[in-house]
1. Just grab the label-to-label distance for residue 248 and residue 101, each label 7 Å out from Cα along the Cβ direction, in nm (one decimal).
2. Roughly speaking, what is the stretch gain from residue 148 to residue 233, that is 0.36 nm per residue apart minus the C-alpha to C-alpha distance, in nm to one decimal?
3. Just to verify a number: FRET efficiency for residue 54 and residue 220, C-beta to C-beta distance, R0 = 41 Å, to 0.05?
4. Each residue of the range 151-161 in order: what ³J(HN,Hα) in whole Hz does its phi give by Karplus 6.51 cos²θ - 1.76 cosθ + 1.60, θ = phi - 60°, with x for Gly and Pro?
5. I need the trypsin sites (Lys or Arg not before Pro) found in the range 2-91, filtered to DSSP loop residues with at most 15 other beta carbons within 10 Å of theirs.
6. What whole-number distance in Å separates the alpha-carbon centres of the range 32-84 and the range 1-28?
7. Packing-wise, with mean Cβ within 10 Å as the measure, how do 182-195, 266-279, 93-106 rank, highest first?
Amino acid sequence: MDDLTIVIPAYNEEQALSFFLPELIDFCRSRGCRLIIVNDGSKDNTRNLLNDYAEESFFTPLHHKINRGYGGAIKTGIHAAKTSYVITIDADGQHRLEDVSALYDALRINDADMVIGQRKKHKESYYRKIGKALIHFIATLLMPIPIQDLNSGMKIYRTGLARQYMQLCPDTMAFSDIITLIFINQRHLVQEYPITVVPRTTGESTISTKTAIETVMEILHIVTLFNPMRIFLPPAIFFLLFSAFWGIPILLRGEGVSVGTLFLFVTGLIFFFLGLIAEQLALIRKNLSLTIQEKFSPDD
């Protein structure tokens, strides 16, 4: 596993890391993989705790002066990774290290581009379950998604692909969802592998209602970027059909075209043409991206 880097974002996780880090160091030493932990502007003693292990040749602690967010910390870690593969796990000790090996083997054996750790049923509040289900439902409406655990924090990627797309991802908790949607949209092989998570023993989760709202908005943004017609076409069809159902009976009675019918018809056309314009812009962006990739390809 010398071609794998474990990347962990950490914010105020001193208590959890004090128990989890020694085990993690032993794991990396025995498996030959590298470790990057990004201290995302923690206000506790996380910085000093990480620096205590800095003499390990395979371990790189990185520090943000201010908090950049979960996604921002992962971006820093992926950018610093020098291996072919990178896996992200949480700093709270909920992910089992044996699952790191399992996901690595699954990616290599299946020649996948991303393997997601699909969490088995575990105890969590109904509030969070409903939020996750809602996010998955909205994402499924907007694009085909062949995986179930969209927002799992344990994912292994090909490092080159992760770097290629991470600038399109937010710095927030929505990073996990969005980078998965990008990989799927770009027709990379994304698979799931079952993992087990253990309950958090220290600290508190930072996921909230605001996190869910931000995630939904980021999903809308990324779908609009790659496939805008999935956003604009449904309302266009709705308003055009509504205008027909509203206006045809009135027209058959010989009362002409009503103002309401015209309003609905024009609204439908506006959505449709906005979708066409957005589709053309997405195509231009895609072609420009391909041109840049070809220009700066390592084969040149």
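Bear in mind that the values in this text are calculations on the coordinates, not laboratory data. Given the structure is predicted, the values throughout are model-derived calculations rather than measurements. Note that we place each Cβ from the backbone using ideal geometry, even for glycine, and neighbour counts take in every protein chain shown.
1. 6.6
2. This chain segment gains 28.0 nm when fully extended.
3. Computed FRET efficiency for residue 54 and residue 220: 0.50.
4. Those phi angles translate into 9, 4, x, 9, 9, 10, 10, 6, 4, x, 5 Hz.
5. Passing both the DSSP loop test and the Cβ count: 43, 65, 82.
6. 9
7. Top of the packing list down: 93-106, 182-195, 266-279.
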